[in-house]
Amino acid sequence: MAAYMSGRELNVTPELVVPQKLGHPAQHNVQLIKDHFMEKGPNGMHLCLVSQFEGPSVLSMYEFLGMSFKTRIRSELARKVAKQAATVIERMHAAGFVHGDITTSNLLFKISDDAQRWSDREVYTMLGQPVTEVVVTRNGGPPEPCAPRELVEAVDVSCLMLSSLLQESIVVTDFGQSFSVDRIPKDYVPATVLYCTPPEVFFDSEISFASDVWMLACTIFGTRAGYSLFDSLLHSDEIIWMQIVETLGKLPEPWWSAFAPRKQWFEDNGEPKPEDVQKREGALLIAAKSSIREKLRQIGEEEGPPGRGDSWISEATCTKLDEAEVELLGDLLEKMLRYRPEDRVTMREVIEHPWFQY
(Lines give C-alpha, C1' and ligand atoms only; values in the text may rest on other atoms or scores of the structure.)
Protein backbone atom coordinates (compact mmCIF):
# COMPACT_ATOMS: atom_id res chain seq x y z
CA MET A 1 0.00 0.00 0.00
CA ALA A 2 1.11 3.59 -0.49
CA ALA A 3 0.44 6.79 1.41
CA TYR A 4 0.97 10.33 0.14
CA MET A 5 3.48 12.04 2.43
CA SER A 6 1.63 15.38 2.64
CA GLY A 7 4.63 17.17 4.06
CA ARG A 8 5.25 14.76 6.96
CA GLU A 9 8.77 13.57 7.62
CA LEU A 10 9.45 9.87 7.19
CA ASN A 11 10.76 9.47 10.73
CA VAL A 12 7.46 10.65 12.24
CA THR A 13 5.13 8.82 9.88
CA PRO A 14 2.66 6.99 12.16
CA GLU A 15 2.41 3.94 9.89
CA LEU A 16 6.04 3.23 10.77
CA VAL A 17 6.32 4.71 14.25
CA VAL A 18 3.28 3.22 16.00
CA PRO A 19 4.03 -0.51 15.42
CA GLN A 20 7.64 0.06 16.51
CA LYS A 21 6.60 1.80 19.73
CA LEU A 22 4.08 -0.78 20.93
CA GLY A 23 6.44 -3.69 21.50
CA HIS A 24 5.43 -7.13 22.77
CA PRO A 25 2.92 -8.54 23.49
CA ALA A 26 0.79 -5.98 21.63
CA GLN A 27 2.87 -6.41 18.47
CA HIS A 28 1.37 -9.86 18.02
CA ASN A 29 -1.91 -8.14 17.12
CA VAL A 30 -0.46 -5.23 15.14
CA GLN A 31 0.18 -5.22 11.41
CA LEU A 32 3.95 -4.82 11.24
CA ILE A 33 5.74 -3.10 8.38
CA LYS A 34 8.41 -5.39 6.94
CA ASP A 35 9.87 -2.85 4.49
CA HIS A 36 9.23 0.64 3.14
CA PHE A 37 10.52 2.87 0.37
CA MET A 38 9.74 6.18 -1.30
CA GLU A 39 8.33 6.37 -4.82
CA LYS A 40 8.09 9.55 -6.88
CA GLY A 41 5.00 9.83 -9.04
CA PRO A 42 2.91 12.45 -10.88
CA ASN A 43 1.17 13.40 -7.63
CA GLY A 44 4.31 13.76 -5.51
CA MET A 45 6.34 11.51 -3.24
CA HIS A 46 4.64 8.42 -1.87
CA LEU A 47 5.62 6.29 1.07
CA CYS A 48 5.17 2.65 0.06
CA LEU A 49 4.73 0.13 2.87
CA VAL A 50 5.31 -3.61 2.66
CA SER A 51 3.47 -5.64 5.29
CA GLN A 52 2.85 -9.31 5.92
CA PHE A 53 0.00 -10.98 4.04
CA GLU A 54 -3.11 -11.03 6.22
CA GLY A 55 -6.59 -12.43 5.80
CA PRO A 56 -9.96 -10.68 5.37
CA SER A 57 -11.15 -7.87 7.60
CA VAL A 58 -13.74 -8.40 10.32
CA LEU A 59 -16.10 -6.24 8.23
CA SER A 60 -15.72 -8.37 5.09
CA MET A 61 -16.02 -11.53 7.18
CA TYR A 62 -19.34 -10.65 8.78
CA GLU A 63 -20.68 -9.24 5.50
CA PHE A 64 -19.75 -12.53 3.81
CA LEU A 65 -21.40 -14.62 6.54
CA GLY A 66 -24.48 -12.42 6.48
CA MET A 67 -24.96 -12.49 2.71
CA SER A 68 -23.98 -16.13 2.17
CA PHE A 69 -25.43 -17.87 5.23
CA LYS A 70 -27.60 -15.31 7.05
CA THR A 71 -25.44 -15.66 10.14
CA ARG A 72 -22.56 -13.90 11.90
CA ILE A 73 -19.22 -14.49 13.62
CA ARG A 74 -19.68 -16.89 16.55
CA SER A 75 -19.87 -15.33 20.00
CA GLU A 76 -16.62 -16.64 21.51
CA LEU A 77 -14.62 -15.50 18.49
CA ALA A 78 -16.31 -12.09 18.45
CA ARG A 79 -15.32 -11.52 22.07
CA LYS A 80 -11.78 -12.72 21.40
CA VAL A 81 -11.43 -10.35 18.43
CA ALA A 82 -12.83 -7.46 20.45
CA LYS A 83 -10.46 -8.13 23.36
CA GLN A 84 -7.43 -8.29 21.07
CA ALA A 85 -8.38 -4.99 19.42
CA ALA A 86 -9.05 -3.31 22.77
CA THR A 87 -5.71 -4.51 24.13
CA VAL A 88 -3.81 -3.04 21.18
CA ILE A 89 -5.59 0.30 21.54
CA GLU A 90 -4.93 0.32 25.29
CA ARG A 91 -1.23 -0.19 24.59
CA MET A 92 -1.35 2.63 22.04
CA HIS A 93 -2.88 4.97 24.63
CA ALA A 94 -0.29 3.94 27.21
CA ALA A 95 2.41 4.82 24.66
CA GLY A 96 0.79 8.21 24.01
CA PHE A 97 -0.85 7.49 20.64
CA VAL A 98 -4.43 7.96 19.43
CA HIS A 99 -5.46 5.53 16.68
CA GLY A 100 -8.09 7.80 15.14
CA ASP A 101 -9.73 5.31 12.76
CA ILE A 102 -10.93 2.21 14.60
CA THR A 103 -13.40 0.28 12.45
CA THR A 104 -14.11 -3.36 11.61
CA SER A 105 -12.42 -2.76 8.25
CA ASN A 106 -9.14 -2.08 10.07
CA LEU A 107 -9.15 -5.39 11.97
CA LEU A 108 -7.71 -8.17 9.81
CA PHE A 109 -7.80 -11.88 10.57
CA LYS A 110 -4.37 -13.44 10.73
CA ILE A 111 -3.51 -16.17 8.28
CA SER A 112 -1.35 -19.21 9.00
CA ASP A 113 2.39 -19.31 8.43
CA ASP A 114 1.83 -21.78 5.59
CA ALA A 115 0.29 -19.03 3.47
CA GLN A 116 3.26 -16.77 4.12
CA ARG A 117 5.44 -19.32 2.34
CA TRP A 118 3.30 -19.68 -0.79
CA SER A 119 5.15 -19.63 -4.09
CA ASP A 120 3.92 -17.35 -6.89
CA ARG A 121 2.17 -20.35 -8.44
CA GLU A 122 0.37 -21.14 -5.16
CA VAL A 123 -0.69 -17.51 -4.76
CA TYR A 124 -2.34 -17.54 -8.19
CA THR A 125 -3.86 -20.98 -7.57
CA MET A 126 -5.45 -19.86 -4.29
CA LEU A 127 -6.35 -16.25 -5.11
CA GLY A 128 -6.73 -16.33 -8.89
CA GLN A 129 -5.01 -14.42 -11.67
CA PRO A 130 -4.80 -10.61 -11.39
CA VAL A 131 -7.80 -8.79 -12.87
CA THR A 132 -6.71 -5.72 -14.83
CA GLU A 133 -8.37 -2.96 -16.79
CA VAL A 134 -6.80 -0.59 -19.29
CA VAL A 135 -6.84 3.07 -18.27
CA VAL A 136 -9.01 5.20 -20.58
CA THR A 137 -8.52 8.97 -20.46
CA ARG A 138 -11.41 11.40 -20.52
CA ASN A 139 -10.41 12.87 -23.90
CA GLY A 140 -9.68 9.48 -25.41
CA GLY A 141 -6.01 10.22 -25.89
CA PRO A 142 -3.06 8.24 -24.52
CA PRO A 143 -2.34 8.48 -20.77
CA GLU A 144 0.28 10.94 -19.57
CA PRO A 145 3.84 9.55 -19.35
CA CYS A 146 3.65 9.12 -15.56
CA ALA A 147 0.12 7.69 -15.51
CA PRO A 148 -0.46 3.93 -15.16
CA ARG A 149 -1.37 2.01 -18.31
CA GLU A 150 -3.71 -0.31 -16.42
CA LEU A 151 -5.45 -0.73 -13.07
CA VAL A 152 -5.28 -3.92 -11.00
CA GLU A 153 -8.30 -5.04 -9.00
CA ALA A 154 -7.81 -5.74 -5.31
CA VAL A 155 -7.27 -9.38 -4.38
CA ASP A 156 -10.49 -11.27 -3.69
CA VAL A 157 -9.88 -13.10 -0.41
CA SER A 158 -13.40 -14.58 -0.16
CA CYS A 159 -11.88 -18.02 -0.77
CA LEU A 160 -10.18 -17.66 2.61
CA MET A 161 -13.33 -16.79 4.55
CA LEU A 162 -14.03 -20.31 5.78
CA SER A 163 -10.53 -21.66 5.26
CA SER A 164 -8.51 -23.50 7.87
CA LEU A 165 -5.72 -21.06 6.99
CA LEU A 166 -7.46 -18.37 9.06
CA GLN A 167 -6.49 -18.01 12.70
CA GLU A 168 -8.63 -16.99 15.66
CA SER A 169 -6.54 -13.87 15.96
CA ILE A 170 -6.52 -10.43 14.37
CA VAL A 171 -4.15 -7.59 13.68
CA VAL A 172 -5.01 -3.92 14.03
CA THR A 173 -3.98 -1.98 10.96
CA ASP A 174 -4.15 1.42 9.26
CA PHE A 175 -2.28 3.88 11.45
CA GLY A 176 -2.50 6.65 8.87
CA GLN A 177 -4.79 8.67 11.16
CA SER A 178 -2.76 7.96 14.29
CA PHE A 179 -0.76 10.61 16.09
CA SER A 180 1.17 11.22 19.29
CA VAL A 181 -0.69 13.40 21.77
CA ASP A 182 2.62 15.20 22.32
CA ARG A 183 3.01 15.98 18.63
CA ILE A 184 -0.34 16.50 16.92
CA PRO A 185 0.21 17.37 13.22
CA LYS A 186 -0.80 20.95 12.43
CA ASP A 187 -2.63 19.80 9.30
CA TYR A 188 -4.45 16.93 11.05
CA VAL A 189 -8.02 16.39 9.85
CA PRO A 190 -10.07 13.53 11.37
CA ALA A 191 -11.19 11.05 8.74
CA THR A 192 -13.16 8.46 10.71
CA VAL A 193 -16.05 6.79 8.88
CA LEU A 194 -19.34 8.51 9.67
CA TYR A 195 -21.00 5.62 11.49
CA CYS A 196 -18.11 5.39 13.99
CA THR A 197 -17.57 9.13 14.48
CA PRO A 198 -18.02 10.48 18.04
CA PRO A 199 -19.71 13.86 18.58
CA GLU A 200 -16.55 15.81 19.49
CA VAL A 201 -15.00 14.75 16.19
CA PHE A 202 -18.09 15.40 14.07
CA PHE A 203 -19.09 18.75 15.57
CA ASP A 204 -15.75 20.16 16.78
CA SER A 205 -13.06 18.24 14.81
CA GLU A 206 -11.43 17.39 18.15
CA ILE A 207 -10.04 13.91 18.72
CA SER A 208 -8.51 12.23 21.78
CA PHE A 209 -8.07 8.91 23.57
CA ALA A 210 -11.77 9.04 24.44
CA SER A 211 -12.64 9.27 20.75
CA ASP A 212 -10.99 5.88 20.23
CA VAL A 213 -13.22 4.49 23.00
CA TRP A 214 -16.38 5.56 21.13
CA MET A 215 -15.06 4.13 17.83
CA LEU A 216 -14.16 0.83 19.49
CA ALA A 217 -17.67 0.58 20.98
CA CYS A 218 -19.15 0.80 17.47
CA THR A 219 -16.61 -1.77 16.29
CA ILE A 220 -17.41 -4.18 19.13
CA PHE A 221 -21.13 -4.00 18.36
CA GLY A 222 -20.54 -4.65 14.65
CA THR A 223 -18.29 -7.61 15.40
CA ARG A 224 -20.87 -9.20 17.72
CA ALA A 225 -24.00 -8.32 15.73
CA GLY A 226 -22.80 -8.72 12.14
CA TYR A 227 -23.94 -5.22 11.19
CA SER A 228 -23.25 -1.63 12.23
CA LEU A 229 -24.75 -0.08 15.35
CA PHE A 230 -25.59 3.04 13.36
CA ASP A 231 -26.38 3.27 9.64
CA SER A 232 -23.49 2.48 7.31
CA LEU A 233 -25.41 2.15 4.04
CA LEU A 234 -26.94 5.55 3.28
CA HIS A 235 -23.76 7.52 4.13
CA SER A 236 -25.92 10.31 5.54
CA ASP A 237 -24.64 12.13 8.61
CA GLU A 238 -28.20 13.34 9.30
CA ILE A 239 -29.57 9.79 9.44
CA ILE A 240 -26.65 8.57 11.56
CA TRP A 241 -27.13 11.32 14.13
CA MET A 242 -30.88 10.74 14.13
CA GLN A 243 -30.16 7.09 15.02
CA ILE A 244 -27.63 8.09 17.67
CA VAL A 245 -30.12 10.45 19.35
CA GLU A 246 -32.97 7.92 19.27
CA THR A 247 -30.60 5.40 20.90
CA LEU A 248 -28.60 7.54 23.35
CA GLY A 249 -30.91 10.50 23.92
CA LYS A 250 -30.55 14.25 23.53
CA LEU A 251 -27.12 15.61 22.65
CA PRO A 252 -25.61 18.11 25.10
CA GLU A 253 -25.23 21.71 24.05
CA PRO A 254 -23.84 23.20 21.89
CA TRP A 255 -24.05 20.04 19.78
CA TRP A 256 -27.84 19.78 20.11
CA SER A 257 -28.37 23.21 18.60
CA ALA A 258 -25.74 22.51 15.92
CA PHE A 259 -27.73 19.43 14.82
CA ALA A 260 -30.23 21.50 12.83
CA PRO A 261 -32.06 18.56 11.11
CA ARG A 262 -33.16 17.35 14.58
CA LYS A 263 -36.37 19.41 14.31
CA GLN A 264 -37.98 17.02 11.81
CA TRP A 265 -37.58 14.11 14.23
CA PHE A 266 -37.30 15.29 17.83
CA GLU A 267 -38.93 17.49 20.41
CA ASP A 268 -36.78 20.01 22.28
CA ASN A 269 -36.28 17.45 25.08
CA GLY A 270 -34.83 14.89 22.65
CA GLU A 271 -37.89 12.63 22.56
CA PRO A 272 -39.06 11.52 19.08
CA LYS A 273 -42.07 13.42 17.75
CA PRO A 274 -45.23 11.44 16.87
CA GLU A 275 -44.86 9.60 13.58
CA ASP A 276 -47.44 11.71 11.74
CA VAL A 277 -45.71 14.91 12.86
CA GLN A 278 -42.34 13.60 11.63
CA LYS A 279 -43.88 12.87 8.24
CA ARG A 280 -45.37 16.36 8.05
CA GLU A 281 -41.93 17.75 8.87
CA GLY A 282 -40.56 15.93 5.82
CA ALA A 283 -38.84 12.99 7.51
CA LEU A 284 -38.27 10.10 5.09
CA LEU A 285 -37.13 7.79 7.88
CA ILE A 286 -39.03 7.78 11.18
CA ALA A 287 -37.20 8.11 14.49
CA ALA A 288 -38.36 5.82 17.29
CA LYS A 289 -37.02 5.69 20.83
CA SER A 290 -34.53 2.86 21.30
CA SER A 291 -31.58 1.88 23.48
CA ILE A 292 -28.30 -0.04 23.30
CA ARG A 293 -29.83 -3.01 25.12
CA GLU A 294 -32.87 -3.06 22.88
CA LYS A 295 -30.57 -3.19 19.86
CA LEU A 296 -28.62 -6.04 21.45
CA ARG A 297 -31.85 -7.98 21.99
CA GLN A 298 -32.65 -7.62 18.28
CA ILE A 299 -29.47 -9.40 17.17
CA GLY A 300 -30.33 -12.62 15.33
CA GLU A 301 -33.88 -11.62 14.39
CA GLU A 302 -33.13 -11.26 10.67
CA GLU A 303 -31.13 -14.48 10.37
CA GLY A 304 -32.27 -17.83 9.08
CA PRO A 305 -33.13 -20.59 8.60
CA PRO A 306 -32.99 -21.30 12.35
CA GLY A 307 -30.22 -23.41 13.83
CA ARG A 308 -27.90 -23.57 10.86
CA GLY A 309 -24.14 -23.30 11.51
CA ASP A 310 -21.89 -23.53 8.47
CA SER A 311 -18.32 -23.41 9.78
CA TRP A 312 -16.03 -23.07 12.76
CA ILE A 313 -16.22 -19.31 12.40
CA SER A 314 -19.98 -18.76 12.30
CA GLU A 315 -22.76 -18.66 14.88
CA ALA A 316 -25.78 -20.92 14.47
CA THR A 317 -28.44 -18.82 12.76
CA CYS A 318 -31.16 -17.08 14.78
CA THR A 319 -29.07 -17.41 17.94
CA LYS A 320 -30.12 -14.57 20.21
CA LEU A 321 -27.98 -13.04 22.92
CA ASP A 322 -29.13 -14.31 26.29
CA GLU A 323 -30.19 -11.70 28.83
CA ALA A 324 -27.00 -12.07 30.88
CA GLU A 325 -24.88 -11.10 27.88
CA VAL A 326 -27.26 -8.30 26.96
CA GLU A 327 -26.77 -6.83 30.43
CA LEU A 328 -22.97 -7.19 30.36
CA LEU A 329 -22.38 -5.96 26.81
CA GLY A 330 -25.02 -3.26 27.25
CA ASP A 331 -23.24 -2.00 30.35
CA LEU A 332 -19.90 -1.89 28.51
CA LEU A 333 -21.22 -0.12 25.41
CA GLU A 334 -23.24 2.41 27.42
CA LYS A 335 -20.09 3.39 29.32
CA MET A 336 -18.10 3.69 26.08
CA LEU A 337 -20.77 5.68 24.20
CA ARG A 338 -21.29 8.55 26.59
CA TYR A 339 -21.55 11.84 24.73
CA ARG A 340 -18.98 13.80 26.72
CA PRO A 341 -15.46 12.42 26.13
CA GLU A 342 -14.52 12.94 29.78
CA ASP A 343 -17.48 10.78 30.87
CA ARG A 344 -16.38 7.69 28.92
CA VAL A 345 -14.49 4.81 30.45
CA THR A 346 -10.79 4.50 29.69
CA MET A 347 -9.42 1.76 27.46
CA ARG A 348 -7.92 0.11 30.55
CA GLU A 349 -11.40 -0.08 32.07
CA VAL A 350 -12.69 -1.48 28.78
CA ILE A 351 -10.32 -4.45 28.67
CA GLU A 352 -11.03 -5.25 32.33
CA HIS A 353 -14.81 -5.41 31.76
CA PRO A 354 -16.42 -8.78 32.61
CA TRP A 355 -18.12 -9.10 29.19
CA PHE A 356 -14.84 -10.32 27.73
CA GLN A 357 -14.86 -13.25 30.18
CA TYR A 358 -18.55 -14.06 29.62
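The values are calculated or read from the model by the stated rules, or taken from the named source; none is laboratory data. Predicted model only: the values in this text are computed from it and were never measured. No Cβ is skipped: glycine too gets one built from the backbone with ideal geometry, and neighbour counts run over all protein chains shown. Side chains are part of the model used for accessible areas, which takes the heavy atoms of the whole protein and leaves out ligands, DNA and RNA. Shrake-Rupley method; radii C 1.70, N 1.55, O 1.52, S 1.80 Å.
When +1 charges are put on Lys and Arg Cβ atoms and -1 charges on Asp and Glu Cβ atoms, the dipole computed for the range 171-298 relative to its Cα centre reaches about 380 debye. Entry comment: accessible area of the chain is 50 Å² per residue, from protein heavy atoms only and a probe of 1.4 Å. Q84 sits among other residues whose Cβ lies under 12 Å from its own Cβ, and their net charge, with Lys and Arg +1 and Asp and Glu -1, is +3. Using only side-chain charges placed at the Cβ, +1 for Lys and Arg and -1 for Asp and Glu, the dipole size of the chain relative to its Cα centre rounds to 240 debye. Placing unit charges on each Cβ (+1 for Lys and Arg, -1 for Asp and Glu) gives the range 231-358 a dipole about its Cα centre, and among A260, I240, S314 the Cα reaching farthest toward its positive end belongs to A260. Across the chain, Cα pairs under 8 Å and at least six residues apart give a relative contact order of 20 percent. Looking only at L160, L233, L248, which one moves most when the chain is put into a Gaussian network model with springs between Cα atoms under 10 Å? Its mean-square fluctuation being the largest, the pick is L233.
In loop segments of the range 101-134 as defined by DSSP, the trypsin sites (Lys or Arg not before Pro) with at most 11 further C-beta atoms inside 10 Å of their C-beta are R117. Between T346, Q298, A283, the Cα set farthest toward the positive side of the dipole of the range 280-358 (charges on each charged residue's Cβ, about the Cα centre) is that of A283. Applying a DSSP loop filter and a limit of 10 other Cβ atoms within 10 Å to the GluC sites (Glu not before Pro) in the range 110-219 leaves E153. The lysines whose alpha-carbon is closer than 27 Å to the alpha-carbon of K80, local same-chain residues fewer than 8 away aside, are K21, K34, K70, K110, K295, K320, K335.
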